[in-house]
1. Within 10 Å of each Cβ in B:39-50, how many Cβ atoms from other chains are there, averaged over the peptide?
2. Considering every residue in A:20-28, what mean count of other chain Cβ atoms within 10 Å of its Cβ is obtained?
3. I need the fraction of alpha carbon pairs in the protein assembly as shown separated by more than 26 Å, rounded to a whole percent.
4. Under a 5 Å amide H to amide H cut-off, with H placed in plane at 1.01 Å, what residues pair with B:Leu97 once short-range neighbours are removed?
5. How big is the gap, in Å, between the Cα center of region B:141-162 and the Cα center of region B:93-112?
6. From Cα coordinates alone, what are the radius of gyration and Dmax values for region A:7-88 in angstrom?
7. Determine which residues of region B:1-35 fall in the zone a paramagnetic label at B:Trp64 would reach in this model, i.e. backbone nitrogen under 20 Å from the point 7 Å along Cα→Cβ.
8. With angles folded into 0 to 90 degrees, how steeply does helix B:136-170 sit against the dominant principal axis of chain B? Use alpha carbons for both and round to 10.
Amino acid sequence: MAQSLSAECTPLKVEYDSCFNAWFEGYLEPAVAAASSPDARTAYSKRKADEYDQKCGPVWEKYKACVQKAVKDKGLDVLLQQAREEHPLTEPPPLPPPSASAHSSAKTA
Amino acid sequence: MKFFSQSFLYDDPWPIVSLAYFLRYPNPYAAHVISCDVISRTQTSSGTLVTTRLILKRGNLPRWFPQGMVSRAESWVIEESEVDPFGKVVNCRTRNLDHVKIMRVEESVQFHQNPEGKTLQHTEARIFSGFGWGLTKKIENHGLTRFKANLQRSREGVSLMLSLIRQSRLQPM
């Protein structure tokens, strides 16, 4: 795990990351039955969310508070806000032209 | 604007490739990554996991670049990802937050499981420069060359993580 952007947050980051990674490994491989119906999916997701909150929630809150403070102190919150307003990440990128969807391609527009 | 796309097939199933992708920092192929933090993470009502990470990367300026334009060759990068464990898809979008007038690089990566149980990675990049001074094209070309080289290194990093995960799973607990 890489460093945190603020040295004082690194121990919390390391602790949080290792908790998350253990949870994530299971999250990535839901039992086949969990995907059998929308209800089973919802129940499974709820169970995983609860498990995450219980195991990693406390350290996440501490780590998040530490990073949020560091982000503010470095003035990065302004940069993040600007970036979100200018080019929201939620918006899907425009589709590439059909000729560019080949196996590997590069072009100039 | 320069556009680039490339597909790559991993022999491993989707859950392990996705795990390796999220664990890829640090690795010896990513020495340029100074820091990496999760700034938000939520599980959506449909059961997907949405994560925003803030990454600081060290960059190198090309020799021909005008001196004194950039005080430090580091760049903040934001990465937003969505993981769907049921549909077996990871979507990840990345772009730099600073030095955007000189060059903006937007990358989108998707991992999904194919019918043979292997994992297809599809990467797209869009590189823009608004620099002017007759250097726009040169900067965009440089960005593209660097992007391709970095993509290769990034894949080597993921492959290394994959082999480490495989090894650790073979060991008895």
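No value in this document is a laboratory result; all are computed from the given coordinates. All figures in this text were calculated on a predicted structure; none of them were measured in a lab. Heads up, the Cβs are rebuilt from the backbone with ideal geometry, glycines too, and the neighbour counts pull from every protein chain shown.
1. Values: counts 8, 3, 6, 1, 7, 2, 3, 4, 13, 1, 8, 1.
The mean count of partner-chain Cβ atoms within 10 Å per residue comes to 5.
2. Details: counts 5, 3, 0, 0, 9, 8, 2, 8, 13.
Averaged over the peptide's residues, the number is 5.
3. The share of Cα pairs beyond 26 Å in the protein assembly as shown comes to 47 percent.
4. B:Trp76, B:Val77, B:Ile78
5. 14 Å
6. Looking at region A:7-88, its Cα Rg and Dmax stand at 16.9, 47 Å.
7. B:1-3, by backbone N distance to the label point.
8. Roughly 20 degrees between the two axes.
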